[in-house]
Each structure stands twice: as C-alpha cells, then as structure tokens.
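Nothing in this text is a laboratory measurement; each read-out follows from the coordinates by a stated rule. Treat the numbers as computed from the prediction; the structure is a model and nothing was measured.
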Amino acid sequence: MDVQKTMDFILEQQAHTAALQAEAQIEIREIRASLRRAIRLAVQEARHERQRRREVDAQCKVRSDEFEARLNRLIETLRAGRNGGGRIPGPEPPPS
C-alpha cells in the first residue's frame, strides 16, 4: 500500500469537498437573497391590496349612502301623494 498515494487522494477529496461547499454557500446566499426579495415584494403587494380595498370600501359606502338617500326621497315622494293618492303602491291591505 502506497501511503503517499493515499494521502494525495485524501487531500484531493478534501479539496473537492471544500470546493463543493463553497459553491453550495454561494447558492445558499443567492437563494436567501431571492427569498428576501420575494418576501419584500409580497408584503409590498399585500399593503397595496389593503389600500385598494380600503378605497373601494369607501367608494361603496359613498354609493350606498347616495342610493339610500335617493330611495328615501322616492319613498317620501310616494307618501306625499304626488300622482299616487297619498299612499305607497303595493297590495291592498286585507279588510279588517
């Protein structure tokens, strides 16, 4: 058995392993950077979406309030009797 060849083989294997570990560390750093970026963008998008929803909710509230006001005006107009005989149209109440 040649001790020198065995030692050379072991040193080559260690060098090869060290090179693979260095490559793996570079890949890990790149993956972590990509992951941080993806998380940052996801958080940013979630914040923008929340803001858009708030704006849409506010618009819906305004439109709902406007609709309710118009509906109330219509009901009051019908109750006032303009061309309606002073009653809200609908089925006749049952006789008492």
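Numbers for the structure displayed
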read-out	value
Net length gained if the chain between Ala19 and Phe67 were fully extended (0.36 nm per residue, minus Cα distance)	10.2 nm
Estimated 222 nm signal from helices in the chain, with DSSP H stretches of n ≥ 4 weighted -39500 (n - 2.57), rounded to 500	-31000 deg cm²/dmol
Label selected from (1) 26.2, 73; (2) 38.6, 120; (3) 14.9, 56, the criterion being Rg and Dmax of the Cα atoms in Å as computed here	(2)
Extension reserve of the Gln4-Ala58 stretch, reckoned as 0.36 nm per residue once the Cα distance is removed	11.4 nm
Angle in degrees between helix 3-80 and the longest Cα principal axis of the chain, rounded to the nearest 10	0
Gain on full stretching of the segment that runs from Val43 to Glu27 - 0.36 nm per residue minus C-alpha separation	3.3 nm
